[in-house]
Each structure stands twice: as C-alpha cells, then as structure tokens.
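The values are calculated or read from the model by the stated rules, or taken from the named source; none is laboratory data. Owing to the predicted nature of the structure, the values given are computational and were not obtained by experimental measurement. Don't worry about glycine lacking a Cβ; one is built from the backbone with ideal geometry, like all the others, and counts go over all protein chains shown. In case anyone asks, the SASA skips ligands and DNA or RNA and just uses the protein heavy atoms, side chains included. Shrake-Rupley method; radii C 1.70, N 1.55, O 1.52, S 1.80 Å.
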Amino acid sequence: MTPPSITLDGSSLTAAQVTALARRAARPAVDPAARERMVRARAAAEAVVARRRVYGHTTGVGANRTTDLPDGTAADGHGMRLLRSHSGGIGPLVPVEQTRAMLAVRLNQILGAGSALSAAVADRLAEALASGHVPVVHALGSVGTADLSALAELGLTLAGEQPWRKDADEPLPGPAPAPITLDGWDALPLMSSSALTTGQAAVAHTDLLALLERLPAVAALSLASVHGSTEPYAAVVHARRPHPGAIRTAARMRALLEPPAWTPPLVQDPFGFRCLPQVHGAALDAADALERVLDVEINAAAENPLLALAPADYHHHGGFHQASLALALDQLRLAVLGTAQLSAARLGVLVSPAFTGLAPFLAHDADGSSGIMIVEYAAQSALAELRGAAQPVTLGHAVLSRGVEEHASFAATGARRLLEVVGQLRLVLACELLAAVRTLRMRGAVLDPATDLGRLQRDAAAVLDPDTEDRKLTADVEAAARLLDRWV
C-alpha cells in the first residue's frame, strides 16, 4: 500500500511527521509556493550582496570573518572548499533512519527561504527522502551551534563527491539522486542548521511519548495486582495543585482503575504508586515542553546570515545556537529518569511478600527458588544506564574558532542521549510489566478484558510464558518490550 504524503512548506511540519518520513511511513511532497519562494530568495540575495558585505558570501567564515573574498571567489569554488573543509565528522555512522530524519528537517527548513539556497537542493532532498537514500554522516562533530560536519557531508553527497547510502535490509523504489552543482550561495546556508540534532530529537520524542502514554497502564496493572489505593488519583487532589501532567496522569489512572474491585489493605501505598501523578506528570510536562521547542526548530529559518525578503536584506545573528533545545532535552531526560525510578520501585513492591502475599520474588514456591529475582537486578542495571544518559549536557562548555565562538549548548549530545533513554525506559517498564502479569497470574486474578487494563493483561499474558519454575527470563522481558512498542 502506498504510504500517505506529507506536504513540506517550511512552516507546519511536526516531530511525529518527521518520524513518519524517517521511517518511510509517509512520502514527502514539496509545497510549490514554498519552492517558488526559494527561487525569489536567490534573486533578492544577489541584490543585497551587490551593495554590502555579507558573512560567508563576501567574507570567510568563523574566525576568518574579517577576510574579504576576492571578487568571484564565492562563485568559483569557495562553496565546495567550505563543504570539504567542514566535512570532518568522526565516530560511528548515524543510523539510516536518523539520517532520513535530518533530511526531512533540513528540507522543510530551507523551504522557509531564509537563505539563497538553490531550489535544486530542495528537489534533491525530496528525491532522497522518496527513494530512501541518505548521505554517509558521522555522529560526532557538533557542539550544539549547528551540525556543520553532518550537513557538510550531505553537501558533498549532493555534489557527487560522496556516495549515497541505504539500509542494507531495505528495498529502495528508485535510484539515488543525481549530482548537482553547488556554489557559494549553497554551501554555508546548507550547513547553517541543526537538522541532524533536531531530527534525532524528533524521533526520540515520538518514541518516548508513546512509552510515556502507555506507562500508566503498566503502573495500574501493578497496583491492581497488590490491591493498591486509588485515592492518590482523585480529581479533587489534583484540582488543588493543577500541574497539567499530573492532572493527565491521575485522570488516566482513574479511567483504568475505577471503580476498584477491592478494598486496599493499606492506608497509603509506597511512592511508586502514590507519587505517580507528580513524577510521571512531570515527565509528560517535559515532553510537551520539548515538543514546543521542536515545533519551532523543525520550521525555523535559522541560517546565519538570515535573508529577509521584504525588505531584502541579510541579518547576522546567533539563531543557530540550540540553548532552548538542549535545555528541553536535559529536562526531559531527567524527568524520564524519575518516572523510570518509580517503575523500578513498583517492581520492588511486586517481589515482596509483604505486599503480594506470595513467595519472595514471585517464585514457584517458598523453598528458596529465585523466581524473577534477576529481573529486579536487570531493571536496576538498565536504570543505571538511563541515569548516565540523563546527566545534563548543558553543564558543558567550549571556546572555539580562535575565541570568537565562546559558548556551546551541546544539544547534539543531548539528542543522542535521549535516543538511549528511550531504549532503557522500555526495558525498565518491560520488567515491571512482566512482574505485574506474573503477580496477577499467581493470585488467580483475571481482569475484565472489556477494559483497557484487562486488555493489557490479556495481551501481555499471550506473549509471556506462564511457567513459574526457575528459568531464563530474557525472552520474557524482550517480549514485554515489544508489546510496549505496539500496544494501544
């Protein structure tokens, strides 16, 4: 079946749409009016440069900004020299999917016509997205003030100096885009973006938001398995302290659990249940904050210098600095750490006879069997990895280019760390899901399959081995993780 198309116009693309394009679940379509705007921008740029000095077009770049270029240099090889000199990325190759996300973001951004980039560049980027081809891009090279090396590698690929790449396991519908000629009008504007960082953040946000939306169902399954209290989710509690994420989380828990079919044995439960709205709600709020930043960045014309069309002029600025994105990424990773810690805490409750009335570690019996003991260790190991990835990148600092670029956001590092966080949260939550389903099984509890909570129990039970004898549980955790990726 042919996937739906998404129209890129430089102003309305979302993080979820970037992810769909990156995964080839949608086809790109370039808005004709936006492409025509790019054509008009080139003519306006030529008129401006004829009357004033413009960074990167009549001068060198970085610390060489005071060096005037000889007449004609910009049109006679300067652009390609700029791309070659800046294409020194290092480290592993960026995965194909993430590189496609970069192409989607950069194509959409240049359609905003904030520079004099040739419309042919937009055409080739659209062709690459449609055909599945991506440039060879190295992961390391950005400090959060534009992804210079990654986009320089893209430029060399567009020009035919580097080969296109594809996913080895993916059939492609068409040939690689044909090379085009890039000149001094194209090189610097193409690189003046954080499209790779933004694309990676968009993919991570999409996947993480799906997990965060499913997490309350797993927590509710755990609470049902120990007959916990639903009082912490009462609407009146959150009306008096109305943080949006906490209100959403509490409402979801009420929808999943009320009316409870049990009388809670405790006056109040451990924090893993009782503080879920506050901690998980903060993660939802952080995800919303990142989404707002991504909505801006995906549709931003942040090239330096920035071309305005009416009146026609160039403006030199620092709009490439990714402070807002880096801070939003830091906030979300730290917030996810908190909600993952609560998931691990609930797992700790489920292996305790004091809460379940079952054998320790949900073992087959109380004869010293280990049950799911190692799953708690594994969850804590994944949590430790998540904790490392959550460290704030904005604590970093760099002074570059002979002292004229004296601050960096390290947003690129923050985006890569967020991608790691997705995988670690999935594993921690899968461990909790395994334990919750096992607890319900051992207590002989079957929830109503007509409810969301009953559906989750049924769907998880279908993929989790019911054998409670001591055995290897890796496959069970992996099955639970796969279910979390698709359950709705």
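A few comments on the model shown:
- Pair list, Cβ under 9 Å, 6 or more apart: the stretch 366-380 residue within 24 Å of ARG426 (Cα to Cα) and among the hydrophobic types (A, V, I, L, M, F, W, C), other residue in a helix (DSSP H, G or I) and open to solvent by 50 Å² or more (accessible area, probe 1.4 Å): ILE372/PHE361; MET373/PRO360; MET373/PHE361; ILE374/PHE361; VAL375/PHE361; ALA378/LEU427; ALA378/THR474; ALA379/LEU427
- The listed residue being crowded, with 22+ Cβ neighbours inside 10 Å, assigned to a helix (DSSP H, G or I) and touching a helix residue (DSSP H, G or I) at 6+ places or on another chain (Cβ under 9 Å), out of ALA378, ALA344, ALA335: ALA335
- Residue match in the stretch 195-217 (condition: in a loop (DSSP other than H, G, I, E, B) and either open to solvent by less than 10 Å² (accessible area, probe 1.4 Å) or without any contact (Cβ under 8 Å) to a residue 60 or more places away in the chain (or both)): no
- Flag if ARG438 is open to solvent by 40 Å² or more (accessible area, probe 1.4 Å) and among the basic types (Lys, Arg): no
- Scan the stretch 181-194 for residues that are closer than 22 Å to ALA390 by Cα and open to solvent by 10 Å² or more (accessible area, probe 1.4 Å) and the total you get is 0.
- Hits in the stretch 149-168 (condition: out of contact with any Lys or Arg (no Cβ under 9 Å at 6 or more places or on another chain) and either without any contact (Cβ under 8 Å) to a residue 12 or more places away in the chain or among the polar types (S, T, N, Q) (or both)): SER149, GLN162, ALA168
- Members of the stretch 101-114 that are open to solvent by less than 10 Å² (accessible area, probe 1.4 Å) and either in a loop (DSSP other than H, G, I, E, B) or in contact with a strand residue (DSSP E or B) (Cβ under 9 Å, 6 or more places away or on another chain) (or both): MET102, LEU103, ALA104, LEU107, ASN108, LEU111, ALA113, GLY114
- All of (1) within 18 Å of ASP207 (Cα to Cα); (2) buried (at least 18 other Cβ atoms within 10 Å of the Cβ) hold for ARG486 with one exception: (2).
- Subset tally (residues that are in a loop (DSSP other than H, G, I, E, B) and closer than 21 Å to GLU213 by Cα) for the stretch 264-279: 1
- Taken over the stretch 445-454, the residue count meeting the criterion of being open to solvent by less than 60 Å² (accessible area, probe 1.4 Å) and without any contact (Cβ under 8 Å) to a residue 60 or more places away in the chain is 1.
- Answer residue from the stretch 282-318, given it is part of a loop (DSSP other than H, G, I, E, B) and in contact with a Ser or Thr (Cβ under 9 Å, 6 or more places away or on another chain) and is modelled with the lowest pLDDT among those: ALA302
- From the options VAL349, VAL393, residue that is within 20 Å of the chain's Cα centre (by Cα) and open to solvent by less than 30 Å² (accessible area, probe 1.4 Å): VAL393
- From the options VAL477, VAL446, residue that is in contact with a helix residue (DSSP H, G or I) (Cβ under 6 Å, 6 or more places away or on another chain) and β-branched (Val, Ile, Thr): VAL477
- Selection of the stretch 146-204 for residues being of a type in the set (Phe, Trp, Tyr) and within 21 Å of ARG23 (Cα to Cα) yields only TRP164.
- Every condition in (1) under 23 Å from THR198 (Cβ atoms); (2) touching a Gly at 6+ places or on another chain (Cβ under 6 Å); (3) of a type in the set (A, V, I, L, M, F, W, C) is met by LEU447 except one, and the failing one is (1).
- Residue in the stretch 250-263 that is closer than 25 Å to THR451 by Cβ, within 23 Å of the chain's Cα centre (by Cα) and assigned to a helix (DSSP H, G or I) present: no
- Applying a threshold of 6 Å to beta carbon distances and a minimum spacing of six or more residues, or different chains, the list of pairs starting in the stretch 1-26 at a residue that is part of a strand (DSSP E or B) and ending at one that is crowded, with 18+ Cβ neighbours inside 10 Å and among the small types (Gly, Ala, Ser) reads ILE6/ALA26.
- Top-ranked residue in the stretch 399-416 [being surrounded by 21 or more Cβ atoms within 10 Å (Cβ to Cβ) and part of a loop (DSSP other than H, G, I, E, B); ranked as farthest from the chain's Cα centre (by Cα)]: ALA408
- Within the stretch 256-265, the presence of at least one residue that is modelled with pLDDT of 95 or more and open to solvent by less than 40 Å² (accessible area, probe 1.4 Å) is confirmed.
- Sole residue being outside any loop (DSSP other than H, G, I, E, B), farther than 30 Å from GLY141 by Cβ and either modelled with pLDDT under 95 or of a type outside the set (Lys, Arg) (or both), chosen from LEU440, LEU419: LEU440
- Residues in the stretch 40-70 that are in contact (Cβ under 8 Å) with a residue 12 or more places away in the chain, open to solvent by 70 Å² or more (accessible area, probe 1.4 Å) and under 36 Å from the mean Cα position of the chain (by Cα): ARG40, ARG65.
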